[in-house]
Structure formats: structure tokens, C-alpha cells
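The values are calculated or read from the model by the stated rules, or taken from the named source; none is laboratory data. Not measured: the values here are computed from a predicted model. Reconstructed Cβ throughout: ideal geometry from the backbone, glycine too, with neighbour counts over all protein chains shown.
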Amino acid sequence: MHFKTALAMAIAATAFFSCNSRPDLVKDNIANAEIQIGSLLEASEEGDTIRIPSSYQNGEIVYVPTDDWVSGFFAGTLWYMYELTGDEYWAEHAQKHTEVLDSIQYLTWHHDVGFMIYDSYGNGLRLKNIDGYKDVCINTAKSLSTRFRPGAGVLQSWNVDRGWQSERGWKCPVIIDNMMNLELLFKATEFTGDPTYANIAISHADKTLENHFRPDWSCYHVVDYDPETGEVRRKCTAQGYADESAWARGQAWALYGYAVAYRFTGDKKYLDLSEHVAGYLFNSPTMPEDLVPYWDFNAPGIPDEPRDASSAAIIASGLYELYHFTGKEDYKSKADRILESLSTPAYRAEPGTNGGFILMHSVGSIPHGSSIDVPLNYADYYFLEALVRKTNIENGLPPVK
Ligand code: GLY
């Protein structure tokens with residue numbers, strides 16, 4: 001559907017909802033997303049040129065190259081628009097935005113290819129079974145597997161010979177975010193029957209469980225290993241407030257990532273861990289009432305610290321999966337509460353503003369001075385994913401189809 005048609009429909013929908021005290025949260029968000037993502041899509045395509053929008057800052061849409069860790073989220077957002085609406089318009093554009101990432105299947109210099117390819121090609125494969133997409137996922141799993149360090153039993157997240165990472169004295173840094181790249185490996189084993197990929201994922205999840213978590217179930221951002229011996233050299237942060245603090249998005253990746261590990265293995269210790277992380281989050285004295293976390297649970301200036309809508313969206317999506325596995329209503333009601341908060345004007349941009357992104361108020365990295373209190377494409381991606389999962393659950397289906 002063209003975005004101007006969507007605009008007309010959304011205006012009609014707004015009029016309809018204004019007569020009702022409690023509009024349907026999912027429908028209302030779809031109508032809003034059709035306008036926002038529709039305009040972002042129009043801005044990102046110029047003839048045959050496809051650009052990848054990642055944020056909106058200082059009045060300009062920020063575009064990223066294909067090798068950036070966030071490059072798969074916009075394609076994934078378009079796939080979720082297709083899943084939420086059934087409108088082929090979104091699938092057609094999702095396919096174009098997916099296929100600009102073709103070369104990433106061979107990228108081996110960082111670990112984020114799981115995010116990049118599974119959110120784009122993985123969703124395309126799941127929803128449309130497009131020829132060749134499975135091979136891209138398998139090739140990417142092979143590329144990611146080159147980062148496995150058998151001596152330590154982990155995938156190395158970042159290289160240490162370039163950028164700011166080269167200045168930290170690390171040998172084999174593993175960040176909690178890396179849990180999110182394991183889904184691609186589990187899928188590659190499903191696709192090929194070769195257990196190597198899943199075995200790497202399990203080894204990584206086990207080592208992370210052993211070394212990343214504190215007694216209160218909060219987690220470190222970075223654990224640095226000796227890649228030969230597996231000795232833990234240091235536990236620290238890169239994007240959090242302090243080495244001993246709980247960086248919000250890291251906690252969100254942990255909750256979500258271990259729920260995924262449980263989905264593929266049925267190993268109860270992963271489910272328990274994901275639940276422990278949820279327990280930490282919701283018992284934290286600094287978790288705000290609207291359940292949209294500050295960027296770090298130990299940020300010194302709370303309550304005058306930026307919130308991170310991206311963490312909230314990731315947590316909501318992960319909680320729907322936890323609800324599915326445990327049947328605990330509290331997880332669903334907390335996820336619903338997060339989506340309700342994110343759907344208010346405090347976080348959701350007015351149609352026609354925010355460069356076309358849905359959510360405002362996310363944080364990239366405060367220590368790096370980058371992307372602070374801005375829209376981020378992964379906040380929108382996980383917000384739409386959470387809406388898909390909520391819809392599936394409320395239709396009596398598993399959240400992840
Ligand atoms: N994976 C990087 C981040 O969460 O900012």
C-alpha cells in the first residue's frame with residue numbers, strides 16, 4: 001500500500017478510535033506504522049538506490065553502510081509490516097532491502113551477522129520462502145562460526161586490531177549482545193542437519209551463562225577471555241555506565257537471548273536464566289513505573305537520565321516468549337504494559353515527525369557519545385516484533401511462528 005493511502009486510512013482509524021475509550025493497541029500501532037515506516041521507506045529508496053536508515057538526528061535521517069551491525073533491522077521492519085498487514089507492498093520492498101545485504105553472508109570481521117542476516121533474510125525466508133535465502137543464512141552461519149575460539153568455547157564478538165576496541169587491551173572480548181547471534185546458528189543446524197552450528201551456539205551460551213552473570217542475575221556487558229586457555233581476563237563494560245553496572249540493553253539481550261536458546265534446545269537452565277534476568281529487571285528499584293528502562297539501571301543521575309525505548313521493546317518481545325514457555329501471566333501483562341507505554345506520546349512520535357521512525361528516546365552508546373536519546377531502527381524492529389508476538393499469542397498461536 002502506498003503511504004499516502006495509508007495516511008488516509010490512518011486518519012480514518014484515528015477518527016474511529018477517538019470515539020472509543022480504548023483503541024485496539026495493535027491496530028492503532030499498525031495504522032501509525034504504515035504512515036511512519038511508509039515515509040521512511042520512500043526516503044530510503046531513490047530509483048534503484050536503496051539506503052539503510054538507522055536513526056534520525058539533527059533533522060536528518062542517518063543512513064548506514066551494509067556492514068554496520070544495524071543494517072538488517074530496516075529490512076526486518078518491512079518484513080514485520082508485511083506480517084502485520086498481509087499487504088504485498090511491504091514484502092516487495094522488504095525483499096529489495098534484504099537483498100542489498102547479499103555480501104554480508106561472507107563478512108567475518110565481527111559477530112553481528114546473526115542480527116544482520118537473520119532479521120532480513122531469515123524473516124524473508126520464514127514469511128515468503130524465497131529461493132536462495134536459506135543458502136544465505138547457511139553461508140552466514142559458516143562465516144560466524146569462523147569466530148569460534150575452541151580454547152575458550154566462545155564466539156569472539158569484536159576484533160581487537162581496529163577501532164576503539166583495539167585500545168582496551170582485550171584479547172577475545174565477548175559481549176552479552178552476542179547471545180542474539182545464536183538464533184542464526186541454531187537455524188543453520190535445522191536447515192543442514194549439521195550439528196556443528198548448534199554445538200557452537202550451545203558452547204557459547206554455556207560459557208556466557210558461567211561468566212557474564214552476577215549473583216543478582218544482572219550481567220556484565222563485556223567478558224574478555226584468553227582465546228587459547230579460556231581464562232577470564234576481565235569483566236567490564238563498553239556501553240554501560242560502569243564495569244559493575246547493569247547496562248539496560250545488555251540485560252534485554254540476555255533475557256531475550258536465553259529465551260531463544262531455550263526455544264532451540266529445551267534446556268531448562270536457559271529458561272531459568274532468562275527468568276532470573278526478568279526477575280532482576282522487574283525487582284530493580286530503578287525500573288520506572290512505565291517499564292521503559294533508563295539506559296543503565298545504575299546510571300548515577302536517575303531519574304534525570306535518558307530512557308532507552310529500544311531496551312523496552314526488546315524486553316517486551318522476549319517476555320512474550322517467556323510467557324509462552326512458562327504460562328506465567330505476569331510476563332504477558334508486563335509485556336503488554338511496555339507496549340502500552342511505548343504507544344503513548346511520551347515515546348511514540350506524532351505521525352509525520354521523527355524522520356519516519358516510530359519510537360523516540362533510545363540510546364546507542366553514552367560512553368561513546370553516540371546516538372543519545374534518538375530514534376533507532378532496532379527499537380522500531382523489536383517494537384513491531386513484539387506486536388506480532390502479542391497478536392500471535394492472542395490468536396492462540398505460539399509467539400514465534
Ligand atoms: N549490539 C550493540 C548494541 O546493543 O548497542
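When you check Ser371 against the structure, is it within 13 Å of the ligand (Cβ to nearest atom), surrounded by fewer than 22 Cβ atoms within 10 Å (Cβ to Cβ) and on the phi > 0 side of the Ramachandran plot, yes or no?
yes
For segment 225-282, how many residues meet the condition of being more than 16 Å from the ligand (Cβ to nearest atom), crowded, with 18+ Cβ neighbours inside 10 Å and basic (Lys, Arg)?
Final tally of qualifying residues: 1.
If you scan segment 327-350, which residues turn out to be under 15 Å from Asp28 (Cβ atoms) and in a helix (DSSP H, G or I)?
Asp336, Leu339, Glu340, Ser341, Leu342
Could you tell me whether Asn181 is polar (S, T, N, Q), under 21 Å from Thr265 (Cβ atoms) and not in a loop (DSSP other than H, G, I, E, B)?
yes
Could you tell me whether segment 168-177 includes any residue that is more than 16 Å from the ligand (Cβ to nearest atom), at pLDDT 95 or above, touching an Asp or Glu at 6+ places or on another chain (Cβ under 9 Å) and in a helix (DSSP H, G or I)?
Scanning segment 168-177, I find no residue that is more than 16 Å from the ligand (Cβ to nearest atom), at pLDDT 95 or above, touching an Asp or Glu at 6+ places or on another chain (Cβ under 9 Å) and in a helix (DSSP H, G or I), so the answer is no.
In segment 148-158, which residues are within 15 Å of the ligand (Cβ to nearest atom) and either under 22 Å from Gly124 (Cβ atoms) or not hydroxyl-bearing (Ser, Thr, Tyr) (or both)?
Leu155, Gln156, Trp158
For residues in segment 178-220 being under 12 Å from Leu144 (Cβ atoms) and hydrophobic (A, V, I, L, M, F, W, C), which is nearest to the ligand (Cβ to nearest atom)?
Across segment 178-220, the extreme among qualifying residues is Met180.
On the basis of being away from the ligand (no atom under 16 Å from the Cβ), in a loop (DSSP other than H, G, I, E, B) and closer than 19 Å to Gln95 by Cβ, does Asp135 make the cut?
Criteria not met by Asp135.
Is there any pair with a first residue in segment 76-100 that is over 13 Å from Arg51 (Cα atoms) and a second that is acidic (Asp, Glu) and surrounded by fewer than 24 Cβ atoms within 10 Å (Cβ to Cβ) whose Cβ atoms are under 8 Å apart and which are 6 or more apart or on different chains, and what are they?
Met81/Asp87; Tyr82/Glu88
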